[in-house]
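Structure first, then comments.
Just so it is clear, none of the values below were taken in a lab; they were calculated from the coordinates. Just so it is clear, the structure is predicted and the values come from calculations on it, not from any experiment. Reconstructed Cβ throughout: ideal geometry from the backbone, glycine too, with neighbour counts over all protein chains shown.
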Amino acid sequence: MKRNEKGLIALAGAAILGGLAYWKYRSLSAQEKADLKLKVKNTGERIKNSAIEVENSLSEKLSRLKNKSNNKVNDLSA
């Protein structure tokens, strides 16, 4: 199977799944739609908070490594 064929199959599959999701969403009651929106919002906030925690953790580790390397350089030059 050629690369273009795989891409077209994936595109068609995504279009079908998108259509099914849209149809399912339209058939939900108002309360179910509100619950779904709240669930999506909460999930987005959790992902955002996790990304911020990872960023902060990496920044902290990078700072520690920089300090450690500066201390080693200072020890070698002294």
If R0 = 30 Å, then LYS41 and LEU17, at their Cβ-Cβ distance, give a FRET efficiency to the nearest 0.05 of 0.85
With DSSP loop assignment and no more than 12 other C-beta atoms within 10 Å, the trypsin sites (Lys or Arg not before Pro) in region 1-77 are LYS2
For region 1-70, the dipole about the Cα centre with charges only on Cβ (Lys and Arg +1, Asp and Glu -1), to the nearest 20 debye, works out at 200 debye
Across the chain, qualifying lysine pairs (alpha carbons under 23 Å, at least 8 places apart or different chains) come out at 10
Quick calc: nm separation of the 7 Å Cα→Cβ label points for LEU8 and LEU58 -> 3.9 nm
